[in-house]
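Novice: Structure in structure tokens, see below.
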Amino acid sequence: MLRKFSADRLFTGYTLLGADSVLVTDENGVVQDIVPIDTAGEGIEKYNGIICPGFVNCHCHLELSHMHDLVPRNSGMIKFLLAVMSGRQAEEEKVINAMQAADNAMKESGIVAVGDICNTADSIRVKSKSALLYHNFIEVTGFTAAKARSRFDQGAEMYAKFLERGMDRVSIVPHSPYSVSEELFELINAHQKGSLLSIHNQESIAETEFFTTGKGEMLELYKALGIDITHFVPSKESSLVRSIIKITGDHSLILVHNVNTSARDLKAIHRGRNLPLLFWCLCPAANVYINNELPDVVLLKNYNCKIVVGTDSLASNDQLNILEELKILQERFGELSTAELLRWATLNGAEALRIDEKYGTFENGKQPGVVNISGGENGSLAGTVSKRIL
């Protein structure tokens, strides 16, 4: 049985088509064709707004879902990190129920795949029954050389737990430049050739200040955690430059947040280095929640950065909804077109998570999910809502 979908506009993953185009799928959502409406025949399901492929959420922390509304807004990165570390422990059923509700909400809003940060194995129970496709980033930390091996081994044990449950989309990844030692970077880089990696990058000015001067608010974090940083030597290079050279070109790497990424950084990382394939993940709602800042999205565009979109966690966001992230970006950067933003959230995201053989575009044989974005006017995303319809 075929299903046929039309709307005011049809976004293919590449471009926006008009109301005269019809998406044809089988009953399971496998794309059969896009045809002119005058040849589509009967049984067309007509929607207002836009029909587009399912969204890809490239950065999430599902296991923090129970922390919704527990961390004050605009507290700054250091206070936010300390609050998360002190508040993430909770009753098991509360944690599971919050993750289940978040997983369901993501599905209903049109998300089909998620790049999820894992500091525990708690999310396995929810993910094993989920309709969403997850790539699990097993995150490790340890800023001193002495702890590199033990911290990596802990990550490897968790990595094995995911594999044992049949979740083979899994990687061991560094948390951030300021929480991973050179020795731990080396272990991560060498773990599995050609891995998909992720790292929190330049989320606050404090990170940049610490790497270039050895001073600033980051010292409060290390003091609170009892971490000895006497080995650290600041330089003129930013955290991005100093960390990215530790990941070899056989990997791909999702850089998350990028709030303080500069033109100087972008120039520096492309000077003859064997870089991994880079994707630049924007999580605007979380950036506003924590620091009331946003990345220089126009700068990233001008340097042809491959941009993708994430939600971060419910500890730093009101909802895990990709459309809401796109609306923030379009409101703050008026030159961003609807088609461009949707491409970041569909095709680019699918490429970043290495799932574009199935997701991201309406092309024959793919099964990307079908989402309706309704409401709004004048071609913008303002006032719209999204819902998965297949």
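Novice: Would you mind finding the one in 374, 313, 380 that is in contact with a helix residue (DSSP H, G or I) (Cβ under 7 Å, 6 or more places away or on another chain) and at pLDDT 95 or above? Talk me through it step by step, then tell me what you get.
Specialist: Working: 374 fails: in contact with a helix residue (DSSP H, G or I) (Cβ under 7 Å, 6 or more places away or on another chain); 380 fails: at pLDDT 95 or above.
Testing whether each residue is in contact with a helix residue (DSSP H, G or I) (Cβ under 7 Å, 6 or more places away or on another chain) and at pLDDT 95 or above leaves just 313.
Novice: Do we find that residue 105 is assigned to a helix (DSSP H, G or I), at pLDDT below 95 and out of contact with any helix residue (DSSP H, G or I) (no Cβ under 7 Å at 6 or more places or on another chain) in this structure? Break it down into steps so the answer makes sense when it comes.
Specialist: On the way: assigned to a helix (DSSP H, G or I): yes; at pLDDT below 95: no; out of contact with any helix residue (DSSP H, G or I) (no Cβ under 7 Å at 6 or more places or on another chain): yes.
It is false that residue 105 is assigned to a helix (DSSP H, G or I), at pLDDT below 95 and out of contact with any helix residue (DSSP H, G or I) (no Cβ under 7 Å at 6 or more places or on another chain).
Novice: Further question on the same structure: Any idea which of (1) farther than 12 Å from residue 118 by Cβ; (2) surrounded by 18 or more Cβ atoms within 10 Å (Cβ to Cβ) is the one residue 194 doesn't satisfy?
Specialist: Among (1) farther than 12 Å from residue 118 by Cβ; (2) surrounded by 18 or more Cβ atoms within 10 Å (Cβ to Cβ), the lone unmet condition for residue 194 is (2).
Novice: Is at least one residue of the range 229-238 at pLDDT below 95 and surrounded by 20 or more Cβ atoms within 10 Å (Cβ to Cβ)?
Specialist: Taking every residue of the range 229-238 in turn, at least one turns out to be at pLDDT below 95 and surrounded by 20 or more Cβ atoms within 10 Å (Cβ to Cβ).
Novice: Here's a follow-up. Restricting attention to the range 339-369, and to residues there that are of a type in the set (Val, Ile, Thr) and in contact with a Gly (Cβ under 6 Å, 6 or more places away or on another chain), which single residue is surrounded by the fewest Cβ atoms within 10 Å (Cβ to Cβ)? It would help to see each step written out before you state the result.
Specialist: The initial filter retains those residues of the range 339-369 that are of a type in the set (Val, Ile, Thr), namely 346, 355, 361.
Narrowing further to those that are in contact with a Gly (Cβ under 6 Å, 6 or more places away or on another chain): 346, 361.
On the way: 346: 32, 361: 19.
It comes out as 361.
Novice: If you go through the range 39-55 one residue at a time, how many are part of a strand (DSSP E or B), closer than 23 Å to residue 360 by Cβ and touching a helix residue (DSSP H, G or I) at 6+ places or on another chain (Cβ under 8 Å)?
Specialist: So the count comes out to 4.
Novice: Within the set of pairs 6 or more residues apart or between chains, which connect a residue that is more than 19 Å from residue 335 (Cβ to Cβ) inside the range 287-300 to a residue that is aromatic (Phe, Trp, Tyr) with Cβ atoms less than 8 Å apart?
Specialist: 290/80
Novice: From the set of residues in the range 24-65 that are without any contact (Cβ under 8 Å) to a residue 60 or more places away in the chain and crowded, with 18+ Cβ neighbours inside 10 Å, which is nearest to residue 287 (Cα to Cα)?
Specialist: Result: 24.
Novice: Something else now. Please verify whether residue 189 is crowded, with 16+ Cβ neighbours inside 10 Å and either assigned to a helix (DSSP H, G or I) or at pLDDT below 95 (or both), treating the condition exactly as stated. Steps first, please.
Specialist: Numbers: crowded, with 16+ Cβ neighbours inside 10 Å: yes; either assigned to a helix (DSSP H, G or I) or at pLDDT below 95 (or both): yes.
The answer is yes for residue 189.
Novice: For the range 276-294, which residues satisfy the criterion of being part of a helix (DSSP H, G or I) and either more than 19 Å from residue 341 (Cα to Cα) or of a type in the set (Gly, Ala, Ser) (or both)? Walk me through how you get there before you give the answer.
Specialist: Initially, the range 276-294 is screened for residues part of a helix (DSSP H, G or I), giving 284-291.
Selection gives 285, 286, 289, 290, 291.
Novice: Take the range 298-313 and flag every residue that is of a type in the set (A, V, I, L, M, F, W, C), in a helix (DSSP H, G or I) and surrounded by 15 or more Cβ atoms within 10 Å (Cβ to Cβ).
Specialist: Those that are of a type in the set (A, V, I, L, M, F, W, C), in a helix (DSSP H, G or I) and surrounded by 15 or more Cβ atoms within 10 Å (Cβ to Cβ): 299, 300.
Novice: I would also like to ask the following. For the range 108-137, how many residues meet the condition of being in contact with a strand residue (DSSP E or B) (Cβ under 8 Å, 6 or more places away or on another chain), of a type outside the set (S, T, N, Q) and part of a loop (DSSP other than H, G, I, E, B)?
Specialist: 2
Novice: Looking at the range 121-137, I want the residues that are touching a residue at least 24 places away in the same chain (Cβ under 8 Å) and among the charged types (D, E, K, R) and have a partner that is surrounded by fewer than 21 Cβ atoms within 10 Å (Cβ to Cβ) and outside any helix (DSSP H, G or I) with Cβ atoms under 7 Å, at least 6 apart or on another chain. Which pairs are those?
Specialist: Every condition considered, the pairs that remain are 127/167.
Novice: Could you figure out which of (1) closer than 11 Å to residue 203 by Cα; (2) loosely packed, with under 13 Cβ neighbours inside 10 Å isn't true of residue 274?
Specialist: The single condition residue 274 does not satisfy is (1).
The values are calculated or read from the model by the stated rules, or taken from the named source; none is laboratory data. It should be emphasised that the depicted structure is a prediction, and the values quoted were computed from it without experimental measurement. Please note: Cβ atoms are built from the backbone with ideal geometry, for glycine as well, and neighbour counts cover all protein chains shown.
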